[in-house]
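The values are calculated or read from the model by the stated rules, or taken from the named source; none is laboratory data. Note that the structure is a prediction, hence the values are computed from the model and not measured. Counting neighbours? That spans all protein chains shown, and the Cβs are built from the backbone with ideal geometry, glycine included. Side chains included, ligands, DNA and RNA excluded: accessible areas come from the protein's heavy atoms. Shrake-Rupley method; radii C 1.70, N 1.55, O 1.52, S 1.80 Å.
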Amino acid sequence: MKKVLEISEKTARRLYKDSSNEFKTTLEETFGKDFFSGKVTDRVKTYEDACVETGEIPINEADLLKAGFTSDEIVYRKIKTITKALNEGWIADWKDGVQQKWIPWFMLSSAGFVFSATRYRCSYASAGYGSRLCFKSDELATYAGTQFIEIWNHILLKK
């Protein structure tokens, strides 16, 4: 008798890290070798990619709008999912005053808000910094601020 084992993408990534070479080959044949790329920035290029990474179901914008959510609330949810995916389980410890927490920094230009740089805060929180939207590294904050600029623009400009 043949049995079929179903593995979610999130579980496959988790198992892959500690698997034998033989099982890694099986997973690569099933999901594709690129699926197991070592860098999260290679895997998360869109909101939908972030949902795959976190195991979340992409939100249905039409349903949420009908339920009374505003478009900026919907987009904020998307950027929270993207942040969660890029941080790969890292959660800022706001009790740790030494831990660096990186955020994308934007400037207003004639074209709207544009990515400018990243900043970090380690000793205090400010209303200007979204605690759920901080990153574990400068590299990830830079990537999030540039790769997802359209989403950030929607939040910052509340289109």
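To keep it simple, each residue is scored yes or no on (1) closer than 23 Å to E73 by Cα; (2) within 18 Å of the chain's Cα centre (by Cα); (3) at pLDDT 85 or above.
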residue	(1), (2), (3)
D96	no, no, yes
W105	yes, yes, no
G112	yes, no, no
S123	no, no, no
K136	no, yes, yes
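Considering segment 81-92, and only residues there that are over 15 Å from W152 (Cβ atoms) and without any contact (Cβ under 8 Å) to a residue 40 or more places away in the chain, the residue that is nearest to the chain's Cα centre (by Cα) turns out to be K84. Scanning segment 21-36 finds no residues that are in a loop (DSSP other than H, G, I, E, B) and within 21 Å of I149 (Cβ to Cβ).
Here's the yes/no breakdown for (1) under 30 Å from T142 (Cβ atoms); (2) open to solvent by less than 80 Å² (accessible area, probe 1.4 Å); (3) not charged (D, E, K, R):
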residue: E9; (1), (2), (3): yes, yes, no
residue: N21; (1), (2), (3): no, no, yes
residue: T25; (1), (2), (3): no, yes, yes
residue: E29; (1), (2), (3): no, no, no
residue: F35; (1), (2), (3): yes, yes, yes
residue: C51; (1), (2), (3): yes, yes, yes
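The residue that is farthest from the chain's Cα centre (by Cα), among those in segment 57-80 that are surrounded by 15 or more Cβ atoms within 10 Å (Cβ to Cβ) and part of a loop (DSSP other than H, G, I, E, B), is F69. Within segment 35-67, being out of contact with any helix residue (DSSP H, G or I) (no Cβ under 9 Å at 6 or more places or on another chain) and touching a residue at least 12 places away in the same chain (Cβ under 8 Å) holds for no residue.
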